[in-house]
Amino acid sequence: MSNLVGIDLGTTYSAIAHLDATGRPVMLVNSQGDNITPSVVLFDDQGNVIVGKTAQRVYGEDSKCFGRFKRVMGEEKEYEAFGEKYNATSLSSFVLKKLKDDAQTQIGEISEAVVTIPANYGNKAREATLAAANASGLSIKYIINEPTAAALYYAYSSGEELNGTYAIYDLGGGTFDISIIEIKGSDIEVINTDGVTLLGGDDFDEKLIEIVRSKWKDQVGEDLEPEDFTKNDAEEQKKILSEKEKTSIKIATTKGRHKIEISRAEFEDAISTLIAKSEMTCENAIDEANLSITDINEVILVGGSTRMPCIQSSVEKIFKKVPKSVGNPDEAVALGAALYVAYKADPAKLNPLQKQALSKVNIAEVTAKFFGTIILSYDDHHQKNLLKNDSLIRKGDKIPCSVTKEYQTAHDNQTAINCRVTESNIEESDPDYVHTMWEGALDLPEGRPSGQKVEVTFSYHVNQTMKCTFLDVESGRKAEIDLTAGNSNIHTDIDIDDFKVE
Amino acid sequence: MGFFNDIVDAFLGPPDWPESSRKQSEAFQVQAVRDYDNNDGNFKIQIKGALSVSYASNLECAINFFDKSSDDPILSLYEQTTEDDTRVFLHSVDLGIVKENQYFPDWVDLTSFVKEIMLPPRSGSKVIEVRAYLYSSDNPISFEGGYIDSKDKCISYAINTFTTKFEDKGYRDQSEHRDLARVATVPIAMAMAMADGSLDKSEGLVIKKWIANTLDTYISEDKQNEMKKQLNEALDSSYKAFLRLPKNFKVSENIDSTIDAFNLVASNTDKFIALELCLDVLAADGFADETELNLVKELSTKLDLDYDEVQKMKDKTLISIDAKLSSSDSTSDEALIGLDMNLNKEDSLAFIKKEFRKWNGRLNSLQARNERDNAQRMLDALARLKKKHGS
């Protein structure tokens, strides 16, 4: 039997789960015996890379200790320790390696893995996550959106047969996702997904730090040094405020020992604009799915930040119903990913009990983005031809899907077309607001008048790859490209050193 | 694409016709007639008479139009019926192989077209000349500015007139009005620069650059000098007019006559050009002040511009500002986002939600760090507005 694992690579905590021999998704503990591992990496002066709880203890105090790097996945931000430079991809690969190594001591060699990502991730961040997974030595065939994984676990773990429309509200340490799913018995269909890339517990911690610093200045008359009230301290106080109406923080510095009191109401007011973002995202997700609040049967909470009372109140206010949790909100995504990796695996790799368990789920997937191309189009307002993004595949189209659109060459004797494949979270006509996934030229025969037909076909396949073809109809010349379109089946030999920035 | 339909399918005269059907061949002729089979705005071009070939040739017939009173060519708004290098109307129809002494004994339809694609020099009722040129496709004629490169290549030539009325401005009207509109743009840009009470150097430089670029569009040196004088005068007088106003003046209360003058001569395109300049002036100092943002909104209303298009242009400006969106904390989120304060609560929240969706969707597509930061600031502003209007 193969060892298949699902990994929730989180902003503040990560987790790994697998499908056990009886077909149940179960968490795999780390070397400290915990189900979740802090996504924090410490480089010590002995040349060791320390990941997890030990590193977390000095996060915010030691300049060689890094966390929250998932928030800049795929970006150019650099982290430096002992002369070496790292980025979010390389740091994430250390976290994934720790999860993998700890899991392998329990279940043996891991043969396949799925890593989860925020639904709102752009292609660069998705590719960077895949690169990190491959660099850690994991064999990754698929990645899955975090709320989809949570929905899968919810559908699986519910004791009764589900029938209706559900909202998965996933507020973690760094990102917020909302997914609207339809479940009919074993059939799960993701209707719509939306999210905010920079919204999570880490932002709430920052607000708490702001309050503390402000009160400190009022009391002491000087600025509070960052190491005197760290992110770890803020997270701890935030948890207290989820349990109590008030917290009393004792801070000792060279300026003396002072007590700062913060009420829950005070904290909630400070984070209310952040919560407003999640509320608007929920409303938009429902609108885009052409549903109303009353169409949502249940709201499921996922992610550690959903433990905060004000989050639960906000969800109740938006959806007009009391939200539910599915098991431990920190673990649902990893458990769902474990189900997904088995669901996608070769059935020959599963035992009869595992196959039986997976018969409870059947996922109909949809595209998470708009995919289009750039064309020249006459603009009535400015009375000239302007570049415009034209969508072929729409967000929420059921996979597999294929769309062909016909365009024309713009000029006489046009000898090439600049072919571009774009992605965007919303339908965008402005090329400045879309991400170009691929760009290349298609050479055309000389000496032809304008108006030559060019057929563009985007085919999004079940294995989450997208084939794009630009065909000059008259000559038969074409440009073809296979793209990963997010959920990739890329296999590359990657060395961790490749991700250190020179 | 069918603005121009070629419809030659008529029979030719001798030598293959029976003797009884022969008519005396006439000279080559052309005429434009209303196409009553289709819309009233359509014309048919017809030809008849001798084709004057001395041996079997593959003939083509080109047509173009001139305004009789000014002898200016008619331009085409449709790219496929223009000369290669100009916008002057030109359309050629392949007549096929024509034998010696063959002719069209009766009027035959050569082609039909929609009048809306014709751009005359001036508006109003006009006598239009239709000119037809017969030539061999083995020895084609080249056209430039409505005129042929060689009379020797033209086998036959015909000319006729018809009268029609053009409602929209002609290209000479547009050109003259465009010059006036450019001059009238400067005081509007000055108003934008003075919206915060003073003209910054960076703002002045933006207007100067715009004037220089505008002058580059004029080929004639005389015209360039004339426009330079007018644009500089407009710059000077509009600035001094603001200086004469009492301190704490409100630009919005002193701009109506400027806009009225501009609206008299400006086309929709001129209006967007003016707004684009105003947005460049707004962004010149790296900040977007509330008075400037409100003025953009006011301008879009008074210029009767499409609000969605204005928002798109404003978004582009705001996202590219290097420093920060607002120079002072007093700039309201409403002004930044463009929220109409007259909207009721429900409509306000709907607008805020729509804008949030837009900026949140764009965030991951933006490449430059300052653009992402600015998009994030817009999201923060929208979240504050949601809190303010939602409670």
Notebook entry, point to check: Which residue, of B:200, B:222, B:216, is surrounded by 12 or more Cβ atoms within 10 Å (Cβ to Cβ) and at pLDDT below 95?
Noted result: B:200
Next item on the list: Determine which single condition residue A:156 fails, assuming it passes every other condition in (1) touching a Phe, Trp or Tyr at 6+ places or on another chain (Cβ under 8 Å); (2) more than 23 Å from residue A:425 (Cα to Cα).
Entry: (1)
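Taking segment B:357-370 only, how many residues are facing chain A (nearest Cβ under 9 Å), crowded, with 18+ Cβ neighbours inside 10 Å and outside any loop (DSSP other than H, G, I, E, B)?
6
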Note to self: Quick check on this structure: which one of A:439, A:423 is without any contact (Cβ under 8 Å) to a residue 24 or more places away in the chain and assigned to a strand (DSSP E or B)?
What the structure shows: A:439
Notebook entry, point to check: So, in segment A:264-280, of the ones that are surrounded by 14 or more Cβ atoms within 10 Å (Cβ to Cβ) and away from chain B (no Cβ under 14 Å), which residue ends up nearest to the chain's Cα centre (by Cα)?
Noted result: A:267
Check: Given the residues A:409, A:422, which is the only one that is surrounded by 17 or more Cβ atoms within 10 Å (Cβ to Cβ), of a type outside the set (A, V, I, L, M), within 14 Å of another protein chain (Cβ to nearest Cβ) and in contact with a Gly (Cβ under 6 Å, 6 or more places away or on another chain)?
Finding: A:422
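Between B:386, B:354, which is modelled with pLDDT of 90 or more, surrounded by fewer than 22 Cβ atoms within 10 Å (Cβ to Cβ) and either facing chain A (nearest Cβ under 10 Å) or assigned to a helix (DSSP H, G or I) (or both)?
Answer to the check: B:354.
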Notebook entry, point to check: So which residues in segment B:157-205 are out of contact with any helix residue (DSSP H, G or I) (no Cβ under 8 Å at 6 or more places or on another chain), touching a residue at least 40 places away in the same chain (Cβ under 8 Å) and among the charged types (D, E, K, R)?
Noted result: B:165, B:167, B:168, B:172, B:173
Item checked: Members of segment A:393-406 found to be surrounded by fewer than 17 Cβ atoms within 10 Å (Cβ to Cβ) and within 14 Å of another protein chain (Cβ to nearest Cβ), listed by number -> A:394, A:406
Next item on the list: Determine whether residue A:303 is out of contact with any helix residue (DSSP H, G or I) (no Cβ under 6 Å at 6 or more places or on another chain), modelled with pLDDT of 90 or more and closer than 28 Å to residue A:202 by Cβ.
Entry: yes
Margin query: Can you find a residue that is small (Gly, Ala, Ser), in contact with a Phe, Trp or Tyr (Cβ under 9 Å, 6 or more places away or on another chain) and within 14 Å of chain B (Cβ to nearest Cβ) anywhere in segment A:370-392?
Written below: yes
Checklist line | Single residue of A:252, A:289, A:334 found to be out of contact with any Phe, Trp or Tyr (no Cβ under 8 Å at 6 or more places or on another chain), buried (at least 18 other Cβ atoms within 10 Å of the Cβ) and either among the hydroxyl-bearing types (Ser, Thr, Tyr) or away from every other protein chain (no Cβ under 14 Å) (or both) | finding: A:334
Next item on the list: Could you check residue B:109 against (1) over 29 Å from residue A:451 (Cα atoms); (2) part of a strand (DSSP E or B) and say which number it fails?
Entry: (1)
Check: Which condition number does residue A:384 fail, the rest of (1) under 30 Å from residue A:303 (Cβ atoms); (2) without any contact (Cβ under 8 Å) to a residue 12 or more places away in the chain being met?
Finding: (1)
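Tell me whether segment B:235-246 contains one or more residues that are assigned to a helix (DSSP H, G or I), among the charged types (D, E, K, R) and crowded, with 16+ Cβ neighbours inside 10 Å.
Checking segment B:235-246: not a single residue is assigned to a helix (DSSP H, G or I), among the charged types (D, E, K, R) and crowded, with 16+ Cβ neighbours inside 10 Å.
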Next item on the list: Just give me the residues in segment B:54-98 being at pLDDT 90 or above, small (Gly, Ala, Ser) and part of a strand (DSSP E or B), in sequence order.
Entry: B:62, B:76, B:92
Item checked: Close pairs (8 angstrom Cβ cut-off, 6 or more residues apart or separate chains): under 14 Å from residue B:84 (Cβ atoms) and not assigned by TED's automatic domain parsing to the domain that holds residue B:57 in segment B:137-153, of a type in the set (Ser, Thr, Tyr) and assigned to a loop (DSSP other than H, G, I, E, B) anywhere -> none
Check: What are the residues in segment A:431-468 that are within 23 Å of residue A:74 (Cα to Cα) and within 13 Å of chain B (Cβ to nearest Cβ), if any?
Finding: A:431, A:432, A:433, A:434, A:435, A:436, A:437
Check: Looking at segment A:14-65, which of its residues are of a type in the set (D, E, K, R) and out of contact with any Ser or Thr (no Cβ under 7 Å at 6 or more places or on another chain)?
Finding: A:20, A:24, A:34, A:44, A:45, A:53, A:57, A:62, A:64
Margin query: Looking at (1) surrounded by fewer than 20 Cβ atoms within 10 Å (Cβ to Cβ); (2) closer than 28 Å to residue A:229 by Cα, which one does residue A:39 not meet, given that it meets all the others?
Written below: (1)
Check: Out of segment B:42-91, which residues are surrounded by fewer than 19 Cβ atoms within 10 Å (Cβ to Cβ) and basic (Lys, Arg)?
Finding: B:68, B:87
Check: Looking only at residues in segment A:302-329 that are in contact with a Lys or Arg (Cβ under 9 Å, 6 or more places away or on another chain) and of a type outside the set (Gly, Ala, Ser), which one is surrounded by the fewest Cβ atoms within 10 Å (Cβ to Cβ)?
Finding: A:309
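The values are calculated or read from the model by the stated rules, or taken from the named source; none is laboratory data. Remember, it's a predicted structure, so these values are computed and weren't measured experimentally. So basically every Cβ, Gly included, is an ideal-geometry build from the backbone, and we count neighbours across all protein chains shown.
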